[in-house]
Amino acid sequence: MSDLPPNWAFEMYSKLWLKFKNNKFSNDEAHKIIKGDNLNQGLSRLKKDGWLKISLNPEDARKSIYILKDPKETIEEIIKEKGNKNDKK
């Protein structure tokens, strides 16, 4: 399920998308793009809202690997889900 993230999280997504697109990146790489203390909170929110996939790093299970979902596909999912909810009313 996908949903629109709050503005602050979507701004974070946008900065990360400009740098990484749908390529894998680490928390350390994201920290170079996102300044401030709310990176982990933002990544968690983007995952919750369906804009980010998180997997374990096969070389070090203590670390995660992140992949952003394509914005076009995610927005299409949101529109489809909202359309299905409206059809049920």
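The values are calculated or read from the model by the stated rules, or taken from the named source; none is laboratory data. These figures come from a predicted structure and were not determined experimentally. Counting neighbours? That spans all protein chains shown, and the Cβs are built from the backbone with ideal geometry, glycine included. The accessibility values were calculated without ligands, DNA or RNA, using every heavy atom of the protein model including side chains. Shrake-Rupley method; radii C 1.70, N 1.55, O 1.52, S 1.80 Å.
Brief remarks on what is shown
- Within region 9-75, the trypsin sites (Lys or Arg not before Pro) that combine a DSSP coil assignment with at most 12 other C-beta atoms in a 10 angstrom radius are LYS21, LYS35.
- With all protein chains in place and a 1.4 Å probe, the accessible surface of the chain carries 50 percent carbon and sulfur.
- Under 5 Å, built H, 5+ apart or other chain: amide partners of ASN38: none
- In loop segments of region 46-77 as defined by DSSP, the GluC sites (Glu not before Pro) with at most 10 further C-beta atoms inside 10 Å of their C-beta are GLU59.
- Solvent-accessible surface of the chain, averaged per residue with a 1.4 angstrom probe and all protein chains in place: 71 square angstrom.
- Remark on SER64: its backbone amide H falls under 5 Å from those of ASN27, ASN57, a criterion applied only to residues 5 or more positions apart or on other chains, H modelled at 1.01 Å from N.
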